[in-house]
Amino acid sequence: MTNLRAVKGMNDVLPAEIGRWHRVEEAFARTMTLYGYREVRTPLVEPTPLFVRTVGETTDIVEKEMYSFEHRGEALTLRPEGTAGAARAYVEHNVHGVEPVTKWWYRGAMFRAERPQRGRYRQFYQLGAEHLGDPGPGADAEMIDMLVSFLGAIGVRDARVLVNSLGSGESRAAYRAALAAYLEGKRGALSEDSQRRLSTNPLRILDSKDPRDQEAVRGAPGLHEHLTDADREHFRLLRAHLDELGTPYTVDERLVRGLDYYTRTLFEMKGATDKLGAGDTLLGGGRYDTMVRDLGGPDVPAIGFAAGLERLVIASDVEVRASATDAYVAPLGAAGVGVALVLGRDLRRQGVRAEVDARGSSLKAQLRRANALGARIALILGDEELAAGAVQLKDLDARTQETLPREQAVRVVADRLRGGRVEST
Ligand code: AMP
């Protein structure tokens, strides 16, 4: 029988790596709290039509990447992204009825059947947020600036910020027609996929990685010529606010992103290219002013983003001290196990991380494991110590050792750990 393995593109995150994940997640949660966002948790499984209607029927995600299945007559999908579920929850719970502005953040697994490569997986984690009830552009600039600060906090200081405006529905429709007319003249030069997109979703051709498509769109009309005055002013103010905040950015008129729900502001941040290669888009987001209404809710504008957690962990330079415990309690024989269990429990009651070794192994083996776990102190219980009601305290950092009455051990260990590396009296 062959051994079972994880599903292709889906990864285990083992405890040796989790410290770096925690650092990134904690930095994110801290940033979100500073900006007034509160955490929301929505299901991993949603009705399939939710994504078809919001992400868009002719997007890559909906056309080829969703894990969809039927269960007891219901069409269900493992969520490929977080915004649609958040917007669904917002409408379902009539959140608009109780607060005019809503700021939610989330973290969780997403699923897309993409071709796995570095930084691209089939189950991956996103950190994201939604800011509903504010039409921007102030909120948009603040979100972009917030994300630059967050990336800085996890050590990504070279992030490149790309911004664009897709305009509202009216601008989009005019541009779509102009682009389709232009590309129709070059139909034969386009990839097969893009020939099909010409009638379904011509904007997606701008995003194509196929060199034939990239060549064909080189002379295509620009999106910004088709923006309405109101859209143009929205985008001008966004840039003005970013300038006032001192946030560097580049306008990329070709930035479209792979989801249909965006309106007006669109942005992406790339960074740590040396570590991530081509998959260096750390996060992306934009405005989705019509989604809430399209889902049967009120006319509430919104903006949001999502960041790939694996990519942030790869990009981040935070160092994590891989220590799993502080105090290691080492009885040298079966007779000491009971005393060791009590010591361990009492240490933990004082907030000290403690590990009790009840395996009955040799002193050498126990100290090796204490070091491997990153313990600072070992408490050794040999026959002599047991008989004397004492314990031997070995400071593994300072390389000192002393014998203490057992009833003082918890206090001395707690004091020593609290006081850094100072000696006990
Ligand atoms: P999107 O939801 O497509 O706007 O993507 C937002 C961010 O999620 C991207 O910038 C990536 O960092 C991350 N991401 C998207 N798809 C994947 C994937 N298949 N594997 C890992 N990260 C992903």
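The values are calculated or read from the model by the stated rules, or taken from the named source; none is laboratory data. What you see is a predicted model, and the numbers here were worked out from it, not measured in a lab. Positions of Cβ are generated from backbone atoms using ideal geometry, with glycine treated the same way; all protein chains shown enter the neighbour counts. Heads up: the accessible areas ignore ligands, DNA and RNA and are worked out on the full protein's heavy atoms, side chains in. Shrake-Rupley method; radii C 1.70, N 1.55, O 1.52, S 1.80 Å.
Residues of the stretch 385-413 that are free of Cβ contacts under 8 Å to residues at least 60 places away in the same chain, assigned to a helix (DSSP H, G or I) and open to solvent by less than 60 Å² (accessible area, probe 1.4 Å): 385, 386, 412.
In summary, strands (runs of 3 or more DSSP E) completely within the stretch 100-180 and bearing 1 or more residues that are farther than 20 Å from residue 249 by Cβ and in contact (Cβ under 8 Å) with a residue 12 or more places away in the chain occur at 102-111, 123-132.
When residue 337 is tested against (1) more than 16 Å from the ligand (Cβ to nearest atom); (2) under 28 Å from the mean Cα position of the chain (by Cα); (3) of a type in the set (Val, Ile, Thr); (4) modelled with pLDDT of 95 or more, exactly one condition is not met: (2). Comparison of 351, 304 shows that the only residue that is in a strand (DSSP E or B) and under 33 Å from the mean Cα position of the chain (by Cα) is 304. Within the stretch 308-327, the residues that satisfy the criterion of being more than 10 Å from the ligand (Cβ to nearest atom) and either farther than 13 Å from residue 272 by Cα or not in a helix (DSSP H, G or I) (or both) are 316, 317, 318, 319, 320, 321, 322, 323, 324, 325, 326, 327. A search for C-beta distances below 8 Å between a residue of the stretch 306-324 that is modelled with pLDDT under 85 and charged (D, E, K, R) and any residue that is within 16 Å of the ligand (Cβ to nearest atom) and not in a strand (DSSP E or B), counting only pairs 6+ apart in sequence or on different chains, returns 317/154; 317/156. Restricting 55, 62 to those that are within 16 Å of the ligand (Cβ to nearest atom) and either closer than 21 Å to residue 312 by Cα or in contact with an Asp or Glu (Cβ under 8 Å, 6 or more places away or on another chain) (or both) reduces the list to 55. The residues listed here are 109, 27; of these, the one that is out of contact with any strand residue (DSSP E or B) (no Cβ under 6 Å at 6 or more places or on another chain) and aliphatic (A, V, I, L, M) is 27. Within the stretch 81-138, being β-branched (Val, Ile, Thr) and either at pLDDT below 95 or more than 10 Å from the ligand (Cβ to nearest atom) (or both) holds for 91, 95, 98, 101, 102.
Regarding the stretch 74-84, can at least one residue be identified that is open to solvent by 30 Å² or more (accessible area, probe 1.4 Å), of a type in the set (A, V, I, L, M, F, W, C) and in a strand (DSSP E or B)? So far as the stretch 74-84 goes, yes, one or more of its residues are open to solvent by 30 Å² or more (accessible area, probe 1.4 Å), of a type in the set (A, V, I, L, M, F, W, C) and in a strand (DSSP E or B). Cβ-Cβ contacts under 6 Å between residues 6 or more apart (or on different chains), taken from a first residue in the stretch 73-89 that is closer than 23 Å to residue 290 by Cβ to a second residue that is assigned to a helix (DSSP H, G or I) and within 16 Å of the ligand (Cβ to nearest atom), are listed as 77/51; 79/85; 80/61; 84/50; 84/51; 84/54; 87/291; 88/50. The residue of the stretch 58-73 that is most open to solvent (accessible area, probe 1.4 Å), among those that are assigned to a loop (DSSP other than H, G, I, E, B) and at pLDDT 95 or above, is 72. Regarding the stretch 2-24, can at least one residue be identified that is assigned to a strand (DSSP E or B), open to solvent by 40 Å² or more (accessible area, probe 1.4 Å) and away from the ligand (no atom under 15 Å from the Cβ)? Scanning the stretch 2-24, I find no residue that is assigned to a strand (DSSP E or B), open to solvent by 40 Å² or more (accessible area, probe 1.4 Å) and away from the ligand (no atom under 15 Å from the Cβ), so the answer is no. Of all residues in the stretch 273-305, exactly one satisfies the criterion of being among the polar types (S, T, N, Q), surrounded by 16 or more Cβ atoms within 10 Å (Cβ to Cβ) and either within 16 Å of the ligand (Cβ to nearest atom) or without any contact (Cβ under 8 Å) to a residue 60 or more places away in the chain (or both), namely 281. Checking each residue in the stretch 181-196 for being within 20 Å of residue 252 (Cβ to Cβ) and surrounded by 17 or more Cβ atoms within 10 Å (Cβ to Cβ) picks out 183, 194. Tallying residues that are charged (D, E, K, R) and at pLDDT 95 or above within the stretch 237-262 yields 3.
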